[in-house]
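One structure is given below, encoded as structure tokens.
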Amino acid sequence: MPASGANCGPAAVQALLTDLCGAPDPVERWERIEPWAVARVLLRGADTARTVIVKWVRSGPALARTEPWRLRTELAALQFLSDDLGLVLVPRVIAADVRAGFLVLEDLAPRVALDHLIRRDGAAACLELLTAFARARGELSAATAGQTGTYRARCAALELPAPAGDTEGRLGRLWDHGHEDAAALGAPIAGPAASELTAVLEELNEPGPFLALSHGDAESNNILVRESGPADARLIDFEAAGYTHALTDAVCLHVPGPGWISVGDPNASGLADQYRRALARGVPEAQDDRRY
């Protein structure tokens, strides 16, 4: 049973899934995945058993990420990617109760988070998996470029007209916070640095053909891979998703956190080229060295 979110527990999940499972008491086991607002749930149907992932909105003044829009943002993104575009890069949404504040998602086990493997084995040992990480980021952008209208329709259906991850919401905050933080550290942004930053933000504000769905938290803890054999990667945790410049997510090739994990130069390792090739399948302009 989750420690927060009184509406989200076995009883609420059971009420939603009873008809789907064909059994009056489908929830057999509830296993919280700490420290996230996530649980792996064993469901017992009429003839089979399976596990699903339940994710809910946190509650409580001392907790982070309690905003209700996060759940709706993730639901819109996952349905857009899986149902509208037919991508297998993300978990399928099995059921959702937005009012109660939870989603029931496909369980992607036995895949594990890439950051766990990097911490355990080191970046050099995970180069093939990091390649899958880079390709998955490029594939996400390639598939979603030019699909803004379909995504907006999903958001509107969930009464989510302006996702926080979109360009207009994301970059304004970064500009203000960046200047404030730099000034607080005694290194105000001025001179050539200010000019370069302005040029970067102008490019990001006018993405042109590079406008694509950004994951919003494109780091190695939010990609699940298989430890052996083909990586068969899947992206998770789309709470901060939104349409913005595709290269916003590519920054994480340099520092694919969390905890500022560094894996070296993505240009030297070939990760940047893997990302670029995947992106170019949907955004041919990515082949242009002067623009990319």
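Quick one: if you stick a label point 7 Å off each Cα along the C-beta vector at R29 and H179, how many nm between them?
It works out to 5.5 nm between the two label points.
Expressed as an acute angle from 0 to 90° and rounded to the nearest 10, what is the orientation of the C-alpha long axis of helix 69-79 relative to the principal long axis of the chain?
90 degrees
Tell me, what % of the accessible area of region 74-212 is carbon and sulfur with a 1.4 angstrom probe?
On the way: 3670 of 6720 Å².
Looking at region 74-212 in its full context, I get 55 percent from C and S.
Plugging the Kirkwood radius over Cα pairs into Stokes-Einstein for region 40-157, at a temperature of 10 °C and a viscosity of 1.306 mPa s, what D comes out in µm²/s? Mind showing how you got there, number by number?
On the way: Rh = 16.6 Å.
For these conditions, the coefficient is 95 µm²/s.
Give me Rg over Rh for the chain, both radii from the alpha carbons and Rh done the Kirkwood way, two decimal places.
My calculation of the ratio gives 0.98.
Can you give the FRET efficiency for E285 and D265, using 1/(1 + (r/R0)^6), R0 = 35 Å, r = Cβ-Cβ distance, to the nearest 0.05? Intermediate results must be reported in sequence, preceding the final value.
Numbers: r = 24 Å, r/R0 = 0.68.
Once the sixth-power term is evaluated, E becomes 0.90.
In degrees from 0 to 90, rounded to the nearest 10, what is the angle of the helix 271-280 Cα long axis to the longest principal axis of the chain?
Between the helix axis and the principal axis of the chain, the angle is about 80 degrees.
With a 1.4 Å probe and every protein chain left in place, work out the accessible area per residue of the chain in Å², rounded to a whole number. All intermediate terms of the calculation are to be shown ahead of the outcome.
Numbers: 14300 Å² over 292 residues.
Averaged over the residues of the chain, the accessible area is 49 Å².
What's the longest bit of the chain with no exposed trypsin sites (Lys or Arg not before Pro), using DSSP loop states and at most 10 other Cβ atoms within 10 Å as the test?
100-289
5 Å is the cut-off here: which amide hydrogens, built 1.01 Å from N in the peptide plane, fall below it relative to L105, excluding neighbours closer than 5 in sequence?
Residues meeting the criterion, in which the H sits 1.01 Å from N, are I53, V54, K55, I94.
Count neighbours as other Cβ atoms within 10 Å of each site's Cβ, and list the chymotrypsin sites (Phe, Trp or Tyr not before Pro) in region 208-262 that are DSSP loop with at most 15 such neighbours.
For chymotrypsin sites (Phe, Trp or Tyr not before Pro) across region 208-262 that sit outside H, G, I, E and B with at most 15 neighbouring Cβ atoms in 10 Å, the list reads W260.
Which far-off residues, 5 or more places away or on another chain, put their amide H under 5 Å from the one on L43, with H placed in the peptide plane?
Sorted by chain and number, the residues that satisfy this are E28, R50, T51, V52.
Please state the relative contact order of region 41-119 as a whole percent: Cα pairs under 8 Å, 6+ residues apart?
That works out to 27 percent.
Amide H neighbours of S59 under 5 Å, at least 5 residues apart or on other chains, H built in the peptide plane: list them.
Here G5 satisfy the definition.
So how tilted is helix 191-205 from the main axis of the chain? Cα-based, degrees 0 to 90, rounded to 10.
Relative to the chain, helix 191-205 is tipped by roughly 50 degrees.
Lys/Arg Cβ at +1, Asp/Glu Cβ at -1, dipole of the chain taken about the Cα centre: which of L42, S220, G282 is farthest positive-ward?
L42
The values are calculated or read from the model by the stated rules, or taken from the named source; none is laboratory data. All figures in this text were calculated on a predicted structure; none of them were measured in a lab. Neighbour counts run over all protein chains shown; Cβ positions are idealised from the backbone, glycine included. To get the accessible areas, we keep the full protein, side chains included, count just its heavy atoms, and leave off ligands, DNA and RNA. Shrake-Rupley method; radii C 1.70, N 1.55, O 1.52, S 1.80 Å.
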